[in-house]
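A.B. asks: Have a look at the structure that comes next, please.
The values are calculated or read from the model by the stated rules, or taken from the named source; none is laboratory data. Since the model is a prediction, treat every value here as computed from it, not as a measurement. Just so you know, the surface numbers come from the protein's heavy atoms only, side chains and all, with ligands and any DNA or RNA stripped out. Shrake-Rupley method; radii C 1.70, N 1.55, O 1.52, S 1.80 Å.
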Amino acid sequence: VRPRLIQISLMLRDKKQASAAAGQLESLVAATSDEEQRAEAQLFLAQLQLDRGDATAATTLLESIDAVKGFPATVATLVAMHEQAGDDAAAARVLDEALDNVNELPIDDLSKSRLVEEIAAYRLRKGQYEEAA
């Protein structure tokens, strides 16, 4: 998968091949069965969608990648994307899901605590005092 991702990345530099690169990337995502490699390709595709100005598609794709779901960076990115789109309810949903599943993440306890603290701080900034507690 990585050699193909590098090839696609090089195609994106050439404006004539950029549209073909997106199609190849989508084909790569569909054809890859290994979860980790599929996640890499999907993250690349989400970035490409953002670069092209399609934040809705990128957000939907990012939310669908199980391999990165709930991780602090993913949560922060999704919350920011939903806020930028003016969808505070979707941002709150991402936070609720992260909080519900924090103990299942394969990250250290300090990172889990930090994630919970950041969720509480976000809710305090939004005036959601009961939810922050």
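A.B. asks: Does Leu78 qualify as being open to solvent by less than 60 Å² (accessible area, probe 1.4 Å), closer than 30 Å to Ala30 by Cα and not assigned by the TED database to the domain that holds Ala46?
C.D. replies: So Leu78 fits the description; yes.
A.B. asks: Still on this structure, I have one more. Only one of Ala39, Ala73 is under 24 Å from Ala120 (Cα atoms), under 12 Å from the mean Cα position of the chain (by Cα) and small (Gly, Ala, Ser); which?
C.D. replies: Only one candidate qualifies: Ala73.
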